[in-house]
Each structure stands twice: as structure tokens, then as C-alpha cells.
Amino acid sequence: MRIDIISVAPDLLESPFNHSIIKRAQDKGLAEIVVHDLRTYGLGNYKQIDDTQFGGGAGMVLMIEPISNCIKKLQTERKYDEIIYMTPDAKTLNQATANTLSLQENILILTGHYKGVDQRIRDKYITKEISIGDYVLTGGELAAAVLVDAVVRLIPGVIGDEQSALTDSFQDNLLSPPVFTRPSNFEGMKVPEILLSGNFPKIDDWRSEKAFERTQQIRPDLLKDNE
């Protein structure tokens, strides 16, 4: 998978993509992540990328021309399956979306900044808009990092035990059940006997039951999605 990211603050993305699973995915050649500095496509001697809003109002808006020039340049190099805009005023990222995106080959992500981007960019180029929650960040870079992490970890071969990703929370609209490891008794707090029994069919039943109970308590809205 190739992921291109257009950013106003590309340095913010250096650390998330140079550690842990995302770095290993790139080292294995399973994912390529390239960050493009929008300022490179800025206008005039000062490389301007933002301007005031038509109609007045607080805050600056990312201009249409630098973004359009950047996208057009990247589109001459490859065809994108999705061009995604990270913005709080969009549908919230969920596991189903991450699953779908993990099957794509080329993805372009545009990160917002200030008061956002000129609406005409969204109308002309964007194929999918994604939010990571009902709150506002100073920019879309961290949101893009969240999306990339959620997607890349699902690419076959990225995680050593692929079954691990398939049993994560939200894969079946349920939260994960409780998990335990050694020691089996810590200060009187014991691991449930069923997990020590070696009876794997019964262990699976226990985990399914606990996943349902936890979802019912914490995120009952997920159960409604299954109806």
C-alpha cells in the first residue's frame, strides 16, 4: 500500500511513522508512507497557503490553489483509490472503514488546518471525509496518523499473528473481553478458572459472553448496529 499525506506541518508525522508496527510495515515493504509539505506548493515569494474567509469571520482558510496543484501533481504519478480529507465535520472513523481502506492500493490523505480548506477542494477532489471524534484538533496531522495506524496494521503480514487483528474490539461490533496473563494469582486477585482449564471451546464461549456483557455496559449503541 502507498499512502501519500498532504500536510501543513509534516514534522508532526515523523515520529508516529518511524516507530513500532508502522515502521516495521515500511521496512518489510508492505506499506510506503510519503508526507508532502503543502508549503512547497504555496503561492508567491512567501509561499502563501492560507487566506481570510469570504464573508468575514475569524480564522484562516487553506487556499484552493496550493492544494489543487499538489493533488494534480500526485495524480500524474499514480491513480488513487481514495482521496481522504481529515475533518471533524465528517462521519467518525470506525473499524469497518479501516477494514475497507486496508484493501486499497493507493490512498491520498489531506490534513486540514486553521478553519479548514476551501469547500471547492472538497467538492472537486475528495472521495471520502473522515473524523476521528467529536472534537477539534489544531490540525489534521494527528488524525491522519490515527487513520494510517488503524489501516496499515490490517495489511496481511504487518502483524505477526494476523488472528490478533481479527479479534480486536469492533471487528464484530463488540468490545474485546477481559484479558489476563501471568501470574494467575496477584495479591489475591485470581484469573478466572475457565481460562486455565485448557477447554478452548468453553473459553471461546466465555470470551463471547464477556465481550457481549462489556459492550452492553459500555457501548450499547454498538449492539443496536447489529439489529
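The values are calculated or read from the model by the stated rules, or taken from the named source; none is laboratory data. Predicted model only: the values in this text are computed from it and were never measured. In this analysis, Cβ positions are derived from the backbone assuming ideal geometry, glycine residues included, and neighbour counts consider all displayed protein chains. Just so you know, the surface numbers come from the protein's heavy atoms only, side chains and all, with ligands and any DNA or RNA stripped out. Shrake-Rupley method; radii C 1.70, N 1.55, O 1.52, S 1.80 Å.
Assorted remarks:
- Matching entry among Ala145, Ala90, Ala96, Ala150 (being over 22 Å from Val35 (Cβ atoms), of a type in the set (Gly, Ala, Ser) and open to solvent by 10 Å² or more (accessible area, probe 1.4 Å)): Ala96
Okay, residues lined up against (1) at pLDDT below 95; (2) of a type in the set (Ser, Thr, Tyr); (3) farther than 21 Å from Lys124 by Cβ:
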site: Ala31; (1), (2), (3): no, no, yes
site: Val34; (1), (2), (3): no, no, yes
site: Asn45; (1), (2), (3): no, no, yes
site: Ile49; (1), (2), (3): no, no, no
site: Thr52; (1), (2), (3): no, yes, yes
site: Val61; (1), (2), (3): no, no, no
site: Asn69; (1), (2), (3): no, no, no
site: Asp81; (1), (2), (3): no, no, no
site: Thr92; (1), (2), (3): no, yes, yes
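- Total residues in segment 122-140 satisfying the condition of being over 19 Å from Arg153 (Cβ atoms) and crowded, with 21+ Cβ neighbours inside 10 Å: the figure is 1.
Every residue, every condition in (1) outside any helix (DSSP H, G or I); (2) in contact with a strand residue (DSSP E or B) (Cβ under 9 Å, 6 or more places away or on another chain), yes or no:
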| position | (1), (2) |
| --- | --- |
| Gly57 | yes, no |
| Val61 | yes, yes |
| Cys70 | no, yes |
| Arg78 | yes, yes |
| Ile84 | yes, yes |
| Ala90 | yes, yes |
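- Qualifying residue in segment 112-121 (condition: free of Cβ contacts under 8 Å to residues at least 60 places away in the same chain, closer than 24 Å to Asn18 by Cα and open to solvent by 70 Å² or more (accessible area, probe 1.4 Å)): no
- Leading residue by the ranking (surrounded by the fewest Cβ atoms within 10 Å (Cβ to Cβ)) among those in segment 100-111 that are in contact with a strand residue (DSSP E or B) (Cβ under 9 Å, 6 or more places away or on another chain) and not hydroxyl-bearing (Ser, Thr, Tyr): Glu105
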